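Have a look at the structure below, then the notes.
The values are calculated or read from the model by the stated rules, or taken from the named source; none is laboratory data. Values in this document were obtained by computation on a predicted structure and should not be read as measured data. Quick reminder, even Gly has a Cβ in these numbers, built from the backbone with ideal geometry, and neighbours come from all protein chains shown. When the accessible area is computed, the model is the full protein with side chains, heavy atoms only, and any ligands, DNA or RNA have been set aside. Shrake-Rupley method; radii C 1.70, N 1.55, O 1.52, S 1.80 Å.
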Amino acid sequence: MRIGYGYDVHRLVPGRPLILGGVEIPHHLGLFGYSDADVLLHAVCDALLGAAGLGDLGEHFPDTDPAYKGIPSLALLEETGNKLRALGFCVGNLDATLVAEKPKISSYKKQMAENIARALGIESGRVNVKATTTEGLGITGREEGMAATCVALIEKTAGAGQTQG
Ligand code: MG
């Protein structure tokens, strides 16, 4: 059994769609980035990669590679899940938190959790998505950007060999 932690921040800019947890949410600002800039999914990927001892998202999907320009982060998450499975890991559970002042995302949380679960091929009950504001403080409070964190627990499936360490 291993745990991992992921953290990410993206800038909010006009003229980009706002995609969080694979859900496009109506808003006058969107997140800037090389992929679709889905900050929540990036934190989820980093938590999973970290738990497996596989480094970070930028190493696996570099922003210098044209293959990843504008790519949906759900595809990156699916590929991350494949990398873990190849090492004999399955996902125990994920707990992710989005830090954003606006818009309200409570009505989208269930869909986000379902998207994450589907991309990883696990039951949605293993995925928890939360949201908080920073009460107007800091980069998220001033709506300059959004941040996300995630912790992940992964387990070696029965019969799989030992990893490094
Ligand atoms: Mg990112």
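Pairs, please: C-beta under 9 Å, at least 6 apart or cross-chain, first residue within 13 Å of the ligand (Cβ to nearest atom) and in the range 1-22, second modelled with pLDDT of 95 or more and hydroxyl-bearing (Ser, Thr, Tyr)?
If the second residue must be modelled with pLDDT of 95 or more and hydroxyl-bearing (Ser, Thr, Tyr), the pairs left are Gly6/Thr149; Tyr7/Thr149; Asp8/Thr149; Val9/Thr140; Ile19/Ser73; Leu20/Tyr108.
Looking at the range 41-69 only, could you name the residues that are of a type in the set (A, V, I, L, M, F, W, C) and either near the ligand (Cβ under 10 Å from one of its atoms) or farther than 19 Å from Ala131 by Cβ (or both)?
Hits for the range 41-69 are Leu41, Ala43, Cys45, Leu48, Leu49, Ala51, Ala52, Leu54, Leu57, Phe61, Ala67.
Can you name every one of the helices (runs of 4 or more DSSP H) wholly within the range 1-116 that holds 3 or more residues which are out of contact with any strand residue (DSSP E or B) (no Cβ under 7 Å at 6 or more places or on another chain) and open to solvent by 20 Å² or more (accessible area, probe 1.4 Å)? Even if it seems obvious, please write down each step before you answer.
Working: elements: 39-51, 57-60, 73-86.
Ranges flagged: 57-60, 73-86.
Identify, from the list Gly53, Gly136, Gly125, the residue that is small (Gly, Ala, Ser) and touching a residue at least 40 places away in the same chain (Cβ under 8 Å). Don't jump to the end; show me each part of the working.
Values: Gly136 fails: touching a residue at least 40 places away in the same chain (Cβ under 8 Å); Gly125 fails: touching a residue at least 40 places away in the same chain (Cβ under 8 Å).
Unique residue meeting the criteria: Gly53.
So, in the range 23-37, of the ones that are away from the ligand (no atom under 13 Å from the Cβ) and farther than 17 Å from Thr140 by Cβ, which residue ends up nearest to the chain's Cα centre (by Cα)? Outline the logic, then answer.
Taking the range 23-37 and keeping what is away from the ligand (no atom under 13 Å from the Cβ), we get 23-30.
With the extra rule that they be farther than 17 Å from Thr140 by Cβ, the set shrinks to 23-24, 26.
Numbers: Val23: 12, Glu24: 15, Pro26: 19 Å.
So the residue we want is Val23.
Find the residue count for the range 119-130, including only residues that are under 13 Å from the mean Cα position of the chain (by Cα) and open to solvent by 30 Å² or more (accessible area, probe 1.4 Å). I'd like the intermediate steps shown before the answer.
The initial filter retains those residues of the range 119-130 that are under 13 Å from the mean Cα position of the chain (by Cα), namely 119-120, 127-130.
So of that shortlist, the ones also open to solvent by 30 Å² or more (accessible area, probe 1.4 Å) come out as 128, 130.
Summing the residues that are under 13 Å from the mean Cα position of the chain (by Cα) and open to solvent by 30 Å² or more (accessible area, probe 1.4 Å) in the range 119-130 gives 2.
Can you pull out every residue in the range 1-39 that is touching a Leu at 6+ places or on another chain (Cβ under 8 Å) and closer than 19 Å to Leu84 by Cα?
Met1, Arg2, Ile3, Gly4, Gly6
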